[in-house]
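So the structure is just underneath, and the comments pick up after that.
The values are calculated or read from the model by the stated rules, or taken from the named source; none is laboratory data. Only a predicted model underlies this, so the values are computations on that prediction, with no experimental measurement involved. FYI the Cβ positions are ideal-geometry reconstructions off the backbone, even for glycines, and counts take in every protein chain you see. For the accessible areas, the whole protein counts, side chains as well, though only heavy atoms, and no ligand, DNA or RNA atoms are used. Shrake-Rupley method; radii C 1.70, N 1.55, O 1.52, S 1.80 Å.
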Amino acid sequence: MIVEILLDGIAFGLMLSLLGVGVTLIFGLGEILNLAHGEFAVICAILAWVLMGAGAGTVLSIVLSLVIVGLIGVVIERFLLFPVYRAKGETRILMGIFVTLGLSLAVHSYLVNTLPTAQFSVRLPVTNIVVGGVILRPSSLATAAISVSVLMLLAFFLKKTYVGKAIRTVAQNETVAQLCGVNPANFRTLIFAIGAVMAGLAGILYGLIATVTPSVGFDLTIYALIVAIVGGVRNVYGTILSGIILGIVHSVSSFFFGTYISLVIFLVAVILIILLRPEGILGEKG
Amino acid sequence: MSEILSVKNIDVFYEDLQVLRRVNLEVKDKELVLVLGSNGAGKSTLLKTISGLLHPTTGQVHFLGKRIDRLSPCELVRLGIGYVPTEKGLFPLMSVTENLEMGTYIAKARKNKEERLRFVHRLFPVLKQRRNQLACTLSGGEQQMLAVARALMTSPKLLMLDEPSFGLAPKLVLELFKAIKQINLEGTAILIVEQNVRQTLSIADRTYVLENGNIILEGASSEAAAKNPLVKKAYLGM
């Protein structure tokens, strides 16, 4: 029984990691705390629901909606966040919060009003797999496998490719990055689009274990922010780790104490981690 | 020798504060030029302006015959301007090798990567020993060497150094300046701004003195600069 709960927790946690990593990368490159991050998950899932309703196949709908959410990310970054980047320091952080909060409210109200009945969920055409008496839910297995692959791909991209390294240089020292010939604006756009697609994928995966409705965007944003901050807001690996840890906390506590109390326990765990390590699990001091 | 960099009558502001006033300066091919000035004289501002991080409100900057004062740093590195800012000239969470690799981000430099890497390893052998270490774990002197090496990897025609001796022990300063002279002898023009006068005067071809945003001594040979009463009094303590 405990193995099943752990697996569900890890799967949920990896989905949170997918969400949180985007927040971490976007903040690391542009110092914008994206308060609309969860909305990208919702946009993607609802888009897939619309496409499926229009008769497209499940896989095609999902792939298309991931591509579209990436393009939406590019447009939003270029036109909405462009003025924010002209501000520096604290002003930029505040402006980023206002702009993305506004965006989040706009998307939320638009979707809730125009598509109140939308609900995205995918049931895998596979029955539970039983290994040695342990029931493995295919939805959890698929979520975990897809998340791990995507996160590994991301790590490889950041670590080994010139473009990925250029992204890290912008996060570490923007001035010197420019002096190497890296244009930070292009990489901010790229990373925002990558973040939007990963959030979109998290939205799709959320549809495997729950139902995504137009109103869950806020909750997902909060989860993404918590995971990113607990991980140490500039550290991708910390964010992944914190996602997994918090996912396990969430599923173990929901099993033993029910969903309502589990949220309390989840938040208590967050507070404890931040009290013990204010800089985040893998964040740097100072 | 033809001039590769010419700065003509530039005014530069930080917000509302004027930092440079009608500054003129030129660097000829293969020359090592020194700009002396005390804190707040506008030395760093001058280099930031040439490298494209700041833009002059009036005046012009030309590099290799091309007007550059409206270009961005990422365009200027492609034209051949390398710049090492004071401290923090590197990527702290990347290894020494990765730092050097990012110096070859532009296509032009990537072609010469191996040759450039050998060049900087010859100049600073310690960087080869430390190649897998994170940049933030290096000592102050090694970090400064890495910052210079990073800029050299871009194959610059003009290398600009902002107070390379800042915070270094005298012995390291000597070593670093020897390397800088070596870089210059191998054909790269260098523009260096410093407060550390004795060592730099001895390696520089020409010297400018910058005070409160004005050039008060223009392009004198270093012997002449060393004899100048103003330099003597203010910078050599004589």
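Can you spot a residue in the stretch B:178-193 that is surrounded by 22 or more Cβ atoms within 10 Å (Cβ to Cβ), in contact with an Asp or Glu (Cβ under 6 Å, 6 or more places away or on another chain) and under 26 Å from B:L76 (Cβ atoms)? Checking the stretch B:178-193: at least one residue is surrounded by 22 or more Cβ atoms within 10 Å (Cβ to Cβ), in contact with an Asp or Glu (Cβ under 6 Å, 6 or more places away or on another chain) and under 26 Å from B:L76 (Cβ atoms). In the stretch A:163-184 there is no residue matching the filter, namely being more than 14 Å from chain B (Cβ to nearest Cβ), crowded, with 19+ Cβ neighbours inside 10 Å, touching a Ser or Thr at 6+ places or on another chain (Cβ under 8 Å) and assigned to a helix (DSSP H, G or I). Looking across B:Y105, B:Y83, one residue alone is within 11 Å of chain A (Cβ to nearest Cβ) and under 22 Å from A:G28 (Cβ atoms). It is B:Y105.
Listed by first and then second residue, the pairs with beta-carbon distance under 7 Å, at least 6 apart or on different chains, first residue in the stretch A:260-273 and within 13 Å of A:V227 (Cβ to Cβ), second at pLDDT 90 or above and of a type in the set (S, T, Y), are A:F266/A:S253.
Candidates B:D29, B:D69, B:D16: the one that is away from every other protein chain (no Cβ under 14 Å), without any contact (Cβ under 8 Å) to a residue 12 or more places away in the chain and more than 13 Å from the chain's Cα centre (by Cα) is B:D16. When A:I129 is tested against (1) within 16 Å of A:F27 (Cα to Cα); (2) more than 18 Å from the chain's Cα centre (by Cα); (3) open to solvent by 50 Å² or more (accessible area, probe 1.4 Å), exactly one condition is not met: (1). Restricted to the stretch A:255-286, and to residues there that are open to solvent by less than 30 Å² (accessible area, probe 1.4 Å) and at pLDDT 90 or above, the residue that is nearest to A:V236 (Cα to Cα) is A:V270. In the set (1) over 29 Å from B:V7 (Cα atoms); (2) of a type in the set (K, R); (3) open to solvent by less than 30 Å² (accessible area, probe 1.4 Å), the condition left unmet by B:R150 is number (1). Give the residues of the stretch A:235-244 that are open to solvent by 40 Å² or more (accessible area, probe 1.4 Å) and closer than 17 Å to A:F157 by Cα, sorted by residue number. Of everything in the stretch A:235-244, just one residue is open to solvent by 40 Å² or more (accessible area, probe 1.4 Å) and closer than 17 Å to A:F157 by Cα, namely A:Y237.
Say whether the condition of being of a type outside the set (S, T, Y), at pLDDT 90 or above and part of a loop (DSSP other than H, G, I, E, B) is met by at least one residue in the stretch A:119-130. Yes; the residues of the stretch A:119-130 include at least one that is of a type outside the set (S, T, Y), at pLDDT 90 or above and part of a loop (DSSP other than H, G, I, E, B). Taken over the stretch A:35-59, the criterion of being open to solvent by less than 10 Å² (accessible area, probe 1.4 Å) and among the aromatic types (F, W, Y) is satisfied by A:F40 alone. For the residues B:F91, B:F13, the requirement of being open to solvent by 10 Å² or more (accessible area, probe 1.4 Å) and at pLDDT 90 or above singles out B:F13. Is the stretch B:211-234 home to any residue that is modelled with pLDDT of 85 or more, surrounded by fewer than 21 Cβ atoms within 10 Å (Cβ to Cβ) and closer than 20 Å to B:E26 by Cβ? For the stretch B:211-234, residues modelled with pLDDT of 85 or more, surrounded by fewer than 21 Cβ atoms within 10 Å (Cβ to Cβ) and closer than 20 Å to B:E26 by Cβ: absent. For the stretch A:1-34, the candidate set comprises residues that are assigned to a loop (DSSP other than H, G, I, E, B) and open to solvent by 30 Å² or more (accessible area, probe 1.4 Å); within that set, the residue that is nearest to A:T100 (Cα to Cα) is A:L33. The set of residues in the stretch B:147-161 being within 11 Å of chain A (Cβ to nearest Cβ) and either farther than 22 Å from B:I50 by Cβ or among the charged types (D, E, K, R) (or both) consists of B:R150 alone. Kindly indicate whether B:V35 is surrounded by 23 or more Cβ atoms within 10 Å (Cβ to Cβ) and in contact with a Phe, Trp or Tyr (Cβ under 6 Å, 6 or more places away or on another chain). Here the answer is yes, as B:V35 does meet what is asked.
Residue count for the stretch B:167-211 satisfying the condition of being of a type in the set (D, E) and part of a helix (DSSP H, G or I): 1. A search for C-beta distances below 6 Å between a residue of the stretch A:105-124 that is within 18 Å of A:G203 (Cβ to Cβ) and any residue that is open to solvent by 50 Å² or more (accessible area, probe 1.4 Å) and outside any loop (DSSP other than H, G, I, E, B), counting only pairs 6+ apart in sequence or on different chains, returns A:V112/A:S215; A:A118/A:W49; A:F120/A:W49.
Would you tally the residues in the stretch A:83-123 being exposed (fewer than 13 other Cβ atoms within 10 Å of the Cβ) and not small (G, A, S)? Residues flagged as exposed (fewer than 13 other Cβ atoms within 10 Å of the Cβ) and not small (G, A, S) within the stretch A:83-123 amount to 11.
One line per residue, one yes/no per condition, for (1) modelled with pLDDT under 95; (2) not polar (S, T, N, Q):
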site	(1), (2)
A:T161	yes, no
A:V170	yes, yes
A:N173	yes, no
A:Q178	yes, no
A:N186	yes, no
A:G195	no, yes
A:I204	no, yes
A:L208	yes, yes
A:D219	yes, yes
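For A:V150, the test of being under 14 Å from B:M102 (Cα atoms) and either in a helix (DSSP H, G or I) or within 14 Å of chain B (Cβ to nearest Cβ) (or both) is failed.
If you take the residues in the stretch B:43-66 that are under 17 Å from B:T154 (Cβ atoms) and open to solvent by less than 40 Å² (accessible area, probe 1.4 Å), which one is farthest from the other protein chains (Cβ to nearest Cβ)? This residue is B:F63.
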